[in-house]
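None of the figures in this text is laboratory data; all of them are computed from the coordinates on show. Remember, predicted model here, so these are calculated numbers, not experimental data. Using ideal geometry, Cβ is built from the backbone for each residue, glycine included, and neighbour counts are taken over all protein chains shown.
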Amino acid sequence: MLKNILKFFLFLSVGLIILVLVYNNNQNSYEAECMLKGIALEDCSLLDKVISDFRGVAYKWIILVAVLFMLSNIFRAFRWDMLLQSLGYKTSILNLFGTVMLGYFANLGIPRSGEVIRAATLAKYEDIPVEKVMGTIVVDRIMDVLSLLIVIIIAILCSGNLIIDYLSYNAEFALIDFFYHPLFWSVIVVGLILMVAIYKYWDRLTASALGQKFAHILSGFYDGILSVKKVTHVGMFVLYSIGIWLCYYLMTYLCFFSYEPTSHLGPVEGLIVFVFGTFGMVIPAPGGMGSYQFLVNESLNLFGINPSDGFSFANIIFFSISILCNVIFGIICLIILPIYNRRKSKK
């Protein structure tokens, strides 16, 4: 319990530090903007501006974006159901949807813990081996990675040289440092040694009771991964995947209309901002806090949106969806799922 609490505060601290750094950088830009307009610095608080911008948004668009977010999770539940059906398990859509929401909720505390919570909760309620559930979640994430790659390619094709120029200017030295860092090659070498050792001593490992248990877990996990090969309606599986990512994209694009400074931006701009924001969500901080605001702001700057307005927009979409929706529906599912499954077990 103490370990989890420490992890929560560690990752929360990472997110808050990044957010404060982004805020301070944009505060400096906002002060320069105020000076040009003849506004006194004591009346130039970026925090006050963000609060004011939140109050002034068109909430009908925020509600629509929230609906799209929930629709994407319904699509994800149905796609997950297809993987579990291919393994011979009939599951409740409510349990699938509810555990997806619990996973997002858990990620707000400890990044990447949501997949484990999601697998363990569904395994408990549906009486499915947890390793098989975890295997299907790996497939779910692989599909997301493939979908994201397709979206990135489309964004690059639609943006001309905009994304390539940004990456070449900002990411070149970071990538060089990454690939030449000793830790990177240490992980590669250790990983290869472990793979060779497991292959060479596999018979000895599986001869022991602990090894047999591990082999059984690994076999179930492997079955879960292979579930994608047994999906019967491949077309519907693909359509659910398209639906998930189309909802994600529309969430960013339609949110433009909720905020006056971004309301003139078009669908291509929405796609590019969406891609940048998705990269921000990968950073290990609660819900991508800080990194999401930074990259969304960077992408909006490419289209002439000043940093203070970009920072406001990034926080509007982040706290409306990533925080508010995930917290509200995460708590609702945390309450409803035990009640629903107790009643189901009595029937």
- Message: If each residue of separation counts as 0.36 nm, what is the full-extension length gain between His264 and Leu239 once their alpha-carbon separation is subtracted?
- Response: 6.0 nm
- Relative to the compact-globule scaling 2.2 N^0.38 Å, provide the ratio for the alpha-carbon radius of gyration of the stretch 297-344. 1.87
- Item | Order of Val130, Val189 - criterion: other Cβ atoms within 10 Å of each residue's Cβ, fewest first | Val189, Val130
- When the Cα atoms of the stretch 56-122 are enclosed in a convex hull and the volume is divided per residue, what value in Å³ results? 86 Å³
- Fewest to most Cβ atoms within 10 Å: Ile137, Ile188 sort as Ile188, Ile137
- Once the Cβ-Cβ distance between Ser186 and Lys90 is put in as r, and R0 is 45 Å, what FRET efficiency do you end up with, to the nearest 0.05? 0.45
- Message: Multiplying the sequence separation of Asp48 and Phe319 by 0.36 nm and subtracting their Cα-Cα distance, what value in nm do you get?
- Response: 96.0 nm
- By count of other Cβ within 10 Å, fewest leading, how are Arg76, Arg55, Arg118 ordered? Arg55, Arg76, Arg118
- Message: Can you tell me the length gained on complete extension of the stretch Ser345 to Lys230, counting 0.36 nm per residue apart and subtracting the Cα distance?
- Response: 38.5 nm
